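Below is one structure; the comments refer to it alone.
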Amino acid sequence: MRLFLGIDLPVEEKKKLYEQIEPLEKKYPSFDWTDPNLYHATLQFFGEVEDVPKLTDAIERATYDKKSFYLYGLDLGMFPSLHQLTLYLNFQRQKAVDEIVDTLEAMYPTFVKQRSFIFHTTIARAKASSKQQYFHLKKRLKEIKVDISFPVESVTLFGSTKDNEGRKYIELQKFPLL
């Protein structure tokens, strides 16, 4: 199971986000759209982890003195790769998130720092397209105004699996913030 640290979006914000991107989903029905119930903000991806208790201990120690904060959705973007486009909601960078990641890096020796990592919520995946289609989609994403914000009072260690029914995220442990 692949693990990541994330923030589960509140139900109301999941609904608001879906309502704001629904016109895009209708325009591109062939994309693999993320189930709105699975929306979360990824802080840090760990991948396959052999010693889960060691990781959860490090996260607990990294978060025990961290304060809650607000999260603000900014805009939609894309991660292009050779075979796939990942559409995502970009969040305003938060010092609190950076502090959690930096503290984790210091405590968890096999942790790989990913500073170029964009703090985001994946909304869809699609096969890589032509340059013309890519730029057209990029323009459409910029036209959509996203308006979500919410308080973050905990972070969650999730496990990620994928089978014939799609992606599934399992909440392994919640870590409260002050």
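Things worth noting here:
- Dividing the Cα radius of gyration of segment 1-141 by its Kirkwood radius returns 1.00 for Rg/Rh.
- Charge dipole (the chain, unit charges on Cβ, about Cα centre) - positive-most of LEU71, LEU5, GLN84: GLN84
- Full-stretch length increase - GLU171, ASP75 - with 0.36 nm per residue and alpha-carbon distance subtracted: 31.9 nm
- With R₀ fixed at 22 Å, the C-beta to C-beta distance from ALA128 to THR161 puts the FRET efficiency at about 0.35.
- Under the convention that each Lys and Arg Cβ holds +1 and each Asp and Glu Cβ holds -1, the size of the dipole of the chain around its Cα centre is about 860 debye.
- Amide hydrogen neighbours beyond the local backbone of ARG2, cut-off 5 Å, H modeled: SER160
- Orientation-averaged projection of segment 1-53 equals 4.8 nm² [convex hull of Cα atoms, one quarter of hull surface area].
- Taking label positions 7 Å along the Cα-Cβ direction at both ARG61 and LEU178, the computed distance is 1.9 nm, reported to one decimal.
- Along the chain, the exposed loop sites are chymotrypsin sites (Phe, Trp or Tyr not before Pro) outside DSSP states H, G, I, E and B with at most 15 other Cβ atoms within 10 Å, and the longest stretch free of them is 1-63.
- Taking amide hydrogens as placed 1.01 Å from N in the peptide plane, the amide H of PHE150 sits under 5 Å from those of LEU71, each at least 5 positions away in sequence or on another chain.
- With all pairs of separate Cα atoms included, segment 126-177 yields a Kirkwood hydrodynamic radius of 15.0 Å.
- On Cα atoms only, tilt of 131-143 relative to the major axis of the chain in degrees: 70
The numbers here are math on the coordinates, done by the rules we state, and not lab data. Keep in mind it's a predicted model, so treat the numbers as computed, not measured. Positions of Cβ are generated from backbone atoms using ideal geometry, with glycine treated the same way; all protein chains shown enter the neighbour counts.
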